[in-house]
Amino acid sequence: MKTSIIMENYSEEEWNYDFYNELVKDVEDNRNIRACISCGRCVGNCPATKISNYNIRKIITKILKGDKSVLKDPEIWYCFLCEQCKRVCPREGIDIPLLILNLRNESFKRGYGPKYNDLTKYVEMANNFLTNGTVLVEPLEATLSERRIKEIDKICDFARIKYVFKAKKKNTGKENKKK
């Protein structure tokens, strides 16, 4: 795999791929984040970045450095899962929304989850989207498909959080059986 620009800014000793390997084991598609060239298109086109501290490049760097504190960061809850980053990424197969969902799931599994204040911007964005059809006052260049709008509506209803709690209970049951 080619070395990304993100990785070139650090010495080999600064990288710890244990956490990355955990995420890849859980979701194989996460393997592709090492191909990120840190061009900034995802950040520049992200509606969450415009109204919060969300920066996927910083999140990816933390993952690749093995910094599990990213699971406690409020920023993983600011992503609106609109897939704008995925549409503008020049690299093949980097799926940021899937990575964010995986990080959220891991956050719940470890007992962190979002704090009420962490979700304030997310709820604001969801409300704007559902009432105005846009996340921001200035709409994105491309409109979302009807299917994506329905998915986001479900996300705004926090169905994803309920799913995660159910998944955690199922995983706990499997682990107990193995023992």
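One line per residue, one yes/no per condition, for (1) under 20 Å from residue 27 (Cα atoms); (2) modelled with pLDDT under 85; (3) in contact with a helix residue (DSSP H, G or I) (Cβ under 7 Å, 6 or more places away or on another chain):
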{"position": "70", "(1), (2), (3)": "yes, no, yes"}
{"position": "78", "(1), (2), (3)": "no, no, yes"}
{"position": "89", "(1), (2), (3)": "yes, no, yes"}
{"position": "120", "(1), (2), (3)": "no, yes, no"}
{"position": "123", "(1), (2), (3)": "no, yes, no"}
{"position": "128", "(1), (2), (3)": "no, yes, no"}
{"position": "134", "(1), (2), (3)": "no, yes, yes"}
{"position": "143", "(1), (2), (3)": "no, yes, no"}
{"position": "152", "(1), (2), (3)": "no, yes, yes"}
Check: Can you tell me how many residues in the range 57-91 are of a type in the set (Val, Ile, Thr) and touching a Ser or Thr at 6+ places or on another chain (Cβ under 8 Å)?
Finding: 1
Next item on the list: Take the range 62-81 and flag every residue that is hydrophobic (A, V, I, L, M, F, W, C), assigned to a loop (DSSP other than H, G, I, E, B) and surrounded by fewer than 22 Cβ atoms within 10 Å (Cβ to Cβ).
Entry: 81
Margin query: Can you pull out every residue in the range 14-29 that is in contact with an Asp or Glu (Cβ under 8 Å, 6 or more places away or on another chain), of a type outside the set (Phe, Trp, Tyr) and surrounded by 17 or more Cβ atoms within 10 Å (Cβ to Cβ)?
Written below: 23
Item checked: Subset of the range 31-57 [assigned to a helix (DSSP H, G or I) and modelled with pLDDT of 90 or more] -> 31, 32, 33, 34, 35, 41, 42, 43, 44, 56, 57
Checklist line | Residues that are surrounded by fewer than 19 Cβ atoms within 10 Å (Cβ to Cβ) and either touching an Asp or Glu at 6+ places or on another chain (Cβ under 6 Å) or assigned to a helix (DSSP H, G or I) (or both), drawn from the range 92-104 | finding: 95, 97, 98
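The values are calculated or read from the model by the stated rules, or taken from the named source; none is laboratory data. Model, not experiment: these values are computed from the prediction. Because the Cβ atoms are built from the backbone with ideal geometry, glycine has one as well, and the counts that use them run over all protein chains shown.
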